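One structure is given here, and the rest of the page talks about it.
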């Protein structure tokens, strides 16, 4: 779904009370500084879309941008785009609060970053009217897609890193035409029977504790150790890394002789400087390590990223794939995307296939690979590889 209107809105609760902390003039300067940071953040989050108008009210602690989602030919899901922008923005806004207001005050300030969508039938005029209403009453429009609070304990995260208490599981990746297993994705979980067993809570907490890259590299290190010499001949292994961890992979990870490994670039934050990863990707390719690109079509990945980094595999967004059996318009969009990606030299992987109907609909879309519960759930390494 493309061409829909939305707004991303940032607000600081009780911004005027900052005068009690800093004094009136210092609070004004701090809010102006934060306004510059917020404005830059909005530009970064919306770099791939058409920004139609902006609103900035530093003294009131409100900043927003009204925009239209653009398509470069890839199918996009409205809710998924909004959620991706929110999740990335909330992590970044937390960093900016600490940088501007300091660790003590910044940790106590409540800031909200929300994206609200207009119904598909709403035109530009209605969308802008709704956005202008937000500028008068932001509380009315706080997002319904709240990111679930995680147990944000720096001590617990550091203990997990020190103890290396990460579980590694594998999920099969199959050839869609006949179901043959072609490879596996290594996925990481925190300690069993703890909240951190959920990977989203684990990595959110690691980010809040300032050790997200360290956590990603540990998970990759353990996946490499636990599969060394155990992978079936001819099968590949994908391992998730964000941009910062990927840039360090060649120096930090034991990759010699691991030509079956493919790093999957996950984009929970905007990748608006993909050029900066070209050298890192080149170094990895020089030792036989390939690249996959995750969440194409609903996160920040787009065709320009594919052209720049030339991934061997591109994963189409899970939300897009789950609409594959909803009608010809969806399958036509998926087919067109697969053709474009194929022309750029990438194999296309359909992620999140759960039903036989979805599998059947994808058969004629030019997609070579698939992954999802229909073919196999993530399981412990020993049990997965013992059957191969």
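Output the residues belonging to the stretch 372-388 that are on the phi < 0 side of the Ramachandran plot, surrounded by 14 or more Cβ atoms within 10 Å (Cβ to Cβ) and at pLDDT 90 or above.
374, 375, 378, 379, 381
For the stretch 351-365, give me the residue count where each residue is touching a helix residue (DSSP H, G or I) at 6+ places or on another chain (Cβ under 8 Å) and over 17 Å from residue 293 (Cβ atoms).
6
All but one of (1) at pLDDT below 85; (2) crowded, with 18+ Cβ neighbours inside 10 Å hold for residue 31, so report the exception by its number.
Of everything listed in (1) at pLDDT below 85; (2) crowded, with 18+ Cβ neighbours inside 10 Å, residue 31 misses just condition (1).
Got at least one residue in the stretch 141-149 being surrounded by 17 or more Cβ atoms within 10 Å (Cβ to Cβ), farther than 28 Å from residue 219 by Cα, at pLDDT 85 or above and in contact with a helix residue (DSSP H, G or I) (Cβ under 8 Å, 6 or more places away or on another chain)?
no
Please work out if residue 188 is touching a residue at least 12 places away in the same chain (Cβ under 8 Å), more than 23 Å from the chain's Cα centre (by Cα) and more than 20 Å from residue 374 (Cβ to Cβ).
In short, no.
Confirm whether residue 369 is surrounded by 14 or more Cβ atoms within 10 Å (Cβ to Cβ), over 26 Å from residue 189 (Cβ atoms) and at pLDDT 85 or above.
No: the conditions fail for residue 369.
Would the stretch 37-55 turn up any residue that is at pLDDT below 90, part of a helix (DSSP H, G or I) and buried (at least 19 other Cβ atoms within 10 Å of the Cβ)?
Checked against the condition, which is being at pLDDT below 90, part of a helix (DSSP H, G or I) and buried (at least 19 other Cβ atoms within 10 Å of the Cβ), the stretch 37-55 yields no hits at all.
For residue 302, state whether it is surrounded by fewer than 20 Cβ atoms within 10 Å (Cβ to Cβ) and modelled with pLDDT under 85.
For residue 302, the condition - surrounded by fewer than 20 Cβ atoms within 10 Å (Cβ to Cβ) and modelled with pLDDT under 85 - is not met.
Kindly establish whether residue 345 is buried (at least 17 other Cβ atoms within 10 Å of the Cβ) and assigned to a loop (DSSP other than H, G, I, E, B).
no
The values are calculated or read from the model by the stated rules, or taken from the named source; none is laboratory data. Predicted model only: the values in this text are computed from it and were never measured. Quick reminder, even Gly has a Cβ in these numbers, built from the backbone with ideal geometry, and neighbours come from all protein chains shown.
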